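**Student:** Okay, handing you the structure first.
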Amino acid sequence: MSMEEPLVMARGLTKKFGDFEAVSGIDVQVERGDVFGFLGPNGAGKSSTMRMIGCVSPVSAGRLRVLGLNPRDEGPAIRARLGVVPQEDNLDNDLSVGDNLTIYGRYFGLPRAVIKERAAELLEFMQLAERRDARVEALSGGMKRRLTIARALINQPDLLLLDEPTTGLDPQARHLLWERLYQLKLRGVTLVLTTHYMDEAEQLCDRLVIMDRGHIVAEGSPRELINRHSTREVVELRFNSMEDREHSVPRLADLSGRVEPVGERVLVYTDNGDATVSAITSNGVHPAAVLVRRASLEDVFLILTGRTLDE
Amino acid sequence: MLATATARWPFTRAVEREIRVFSRLWRGTVFSTFLNPIVFLLAMGIGVGGMVDEHSGEVAGVHYLAFVVPGIMAASAMQTAAGDSLWRVLAGLKWMRFFHAMVATPLTPADVYAGKVTWTGMRIVMSSSVFLGVATVFGGVLSPLGLLAIPSAVLTAVTFAAVITAYAATQDSEAKFAVVYRLGVIPLFLFSGTFFPVSQLPDWVEPLSRLSPLYYGVELCRMFTTGDPRWGVALVDVVVLIGIAALGWRWGTRSFTRRLTT
């Protein structure tokens, strides 16, 4: 493998299940040291893409190389150097916390002494050291996630794949996990993650692609994407009812910025939030609540697809 | 770095998992794998056997205990294999998904399958050895050749495990598993020459017993424990069992691959 070769290189990558095309010819490139994200709503094709990169799902069409190798012919050799954190927990409930790491290390053919040393380190790093002898079932959701990540690191992977790493966790557990993932990033581990949380993508990713219905609709750093596709600020108007909102939308039409109705809210994209708020009020629109905020990746997704991430 | 991916026999690491799980949970399996066959031995061999011997003296040339010991041995091997290969397989594929975790490593679906079936064979080495020892104490083993009944029982178990594990991986729920027992395991258990010679069956039923893989396992075990080896017949038994196991293995490799890599 040459030094320049990207860790993941996909061209026209496609996944079909019967007639349904889950991933439609995407191009992706992940460089060593990157934290790379797939952002999109459920069903966008993120997990299918991850499973192809993880060499557990055959490519339907297009080209894919992972760590410079072809997943079709060299799955085991590639997987030997990957760490995988799946969306659905699949820890071994028949084994203790410590044994989950030991046995997983053995799947990679690592010597017991090496596993023992790494397992102790990883349990410490993931703040699970006191739980070593506990049963997996006794762990909280956040602890299970951390154990799954520890398990994925037992072979010191070149590339760590995380599919929706914080879905289903409470805010505190999420923040702890983000902090740990950030530590991994600082250690130079290459991370590829999927998420439908824009704050997760903004906090962690150096680069990301926004996926929708099997296609990549935008690519760049979080900041680039926002600058390219959105205005600097967003004015959020909340109305008491859909009718109120319906009445108000025509009166917002002459504003310079783009106007996006979302449920009982209307988002107005602008480079000067305060000026826009004054203009709205002088047009005689009186929403129940007004909020001026900075644009986020959520807005980029809305502008590009006309839908929200959690739809 | 690549040495880890190309190491020999990766499926042995899947077996290691089973050994670790067993070392934690074996107490819960003592009754079904070790005591159950011995309870059968006492009830059938000593209880029923006493009555049979009183009336007719011998069954197929030996006292009833000696007749029924190899039957119970092979039939228990089948039962343990079936018990190991249905719910446990769906647990790994669906309910707990630990098989999915395994194929994210250098292990392949074929390795996971092979590990599962191999482990069932290893369990039978343990349980049938204990059973043979107890049966010998009660006088149910007539020849030192009886030791060959252990690999015979293991082969029987592996054959059933290979097929049933493959089948389980094609199922989405456990709904049909009870049917596998009712229409598969239990009839085979009863009509494969286990507790009485198949010649006792009506003439038109008797040939049907040859369709039962267990029939060949029982025949094999019996010729060794009764000290009556007929090597030609033994060869046929072994070929039939290995043949079925090989077909099961092919099916299992495919059904695991389909299930774990979509």
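The values are calculated or read from the model by the stated rules, or taken from the named source; none is laboratory data. Every value quoted in this text rests on a predicted model; they were computed, and no experiment measured them. Every residue, glycine among them, receives a Cβ derived from its backbone with ideal geometry; neighbour counts consider all protein chains shown. Please note that ligands, DNA and RNA were not included when accessible areas were found on the heavy atoms of the full protein model with its side chains. Shrake-Rupley method; radii C 1.70, N 1.55, O 1.52, S 1.80 Å.
**Student:** Looking only at region B:97-117, how many residues end up being hydrophobic (A, V, I, L, M, F, W, C) and more than 18 Å from B:VAL15 (Cβ to Cβ)?
**Tutor:** So the count comes out to 1.
**Student:** Having 2 or more residues that are among the small types (Gly, Ala, Ser) is the bar; report the helices (runs of 4 or more DSSP H) wholly within region B:149-243 that clear it.
**Tutor:** Values: elements: B:149-168, B:186-191, B:213-225.
Qualifying helices (runs of 4 or more DSSP H): B:149-168.
**Student:** Then there's this: Answer yes or no: is there a residue in region B:162-169 that is at pLDDT below 95 and more than 29 Å from B:LEU142 (Cβ to Cβ).
**Tutor:** no
**Student:** Related question: What are the pairs, 6+ residues apart or on separate chains, where a residue within region B:163-181 that is under 25 Å from B:GLY243 (Cβ atoms) has its Cβ under 6 Å from a residue that is open to solvent by 20 Å² or more (accessible area, probe 1.4 Å) and assigned to a helix (DSSP H, G or I)?
**Tutor:** Note: pairs meeting the criteria are B:ALA166/B:TRP251; B:ALA169/B:ARG259.
**Student:** Somewhere in region A:277-296, is a residue modelled with pLDDT of 90 or more, open to solvent by 50 Å² or more (accessible area, probe 1.4 Å) and among the charged types (D, E, K, R)?
**Tutor:** Looking for residues that are modelled with pLDDT of 90 or more, open to solvent by 50 Å² or more (accessible area, probe 1.4 Å) and among the charged types (D, E, K, R), one finds at least one in region A:277-296, hence yes.
**Student:** Answer yes or no as to whether A:ARG79 is among the basic types (Lys, Arg) and in contact with a helix residue (DSSP H, G or I) (Cβ under 9 Å, 6 or more places away or on another chain).
**Tutor:** On the way: among the basic types (Lys, Arg): yes; in contact with a helix residue (DSSP H, G or I) (Cβ under 9 Å, 6 or more places away or on another chain): yes.
Yes; evaluated as a whole, the condition is true for this residue.
Here's the yes/no breakdown for (1) β-branched (Val, Ile, Thr); (2) within 26 Å of A:ARG51 (Cα to Cα); (3) within 14 Å of chain B (Cβ to nearest Cβ):
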residue: A:ASN100; (1), (2), (3): no, yes, yes
residue: A:ILE103; (1), (2), (3): yes, yes, yes
residue: A:VAL114; (1), (2), (3): yes, no, yes
residue: A:ASP133; (1), (2), (3): no, no, yes
residue: A:GLY142; (1), (2), (3): no, yes, no
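Matching residues to (1) more than 8 Å from chain B (Cβ to nearest Cβ); (2) aromatic (Phe, Trp, Tyr); (3) within 16 Å of A:LEU181 (Cα to Cα); (4) open to solvent by 10 Å² or more (accessible area, probe 1.4 Å):
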| position | (1), (2), (3), (4) |
| --- | --- |
| A:LEU67 | yes, no, no, no |
| A:LEU110 | no, no, no, yes |
| A:GLU124 | yes, no, yes, yes |
| A:LEU153 | yes, no, yes, yes |
| A:GLN156 | yes, no, yes, yes |
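**Student:** While we're on this one: Given B:ASP203, B:ASP237, which one is away from chain A (no Cβ under 14 Å), at pLDDT 95 or above and either open to solvent by less than 50 Å² (accessible area, probe 1.4 Å) or more than 30 Å from B:GLY146 (Cβ to Cβ) (or both)?
**Tutor:** B:ASP237
**Student:** If you take just the strands (runs of 3 or more DSSP E) that sit entirely in region A:140-241, which of them hold at least 1 residues that are in the same structural domain as A:VAL268 (by TED's automatic domain parsing) and in contact with a Pro (Cβ under 6 Å, 6 or more places away or on another chain)?
**Tutor:** A:233-238
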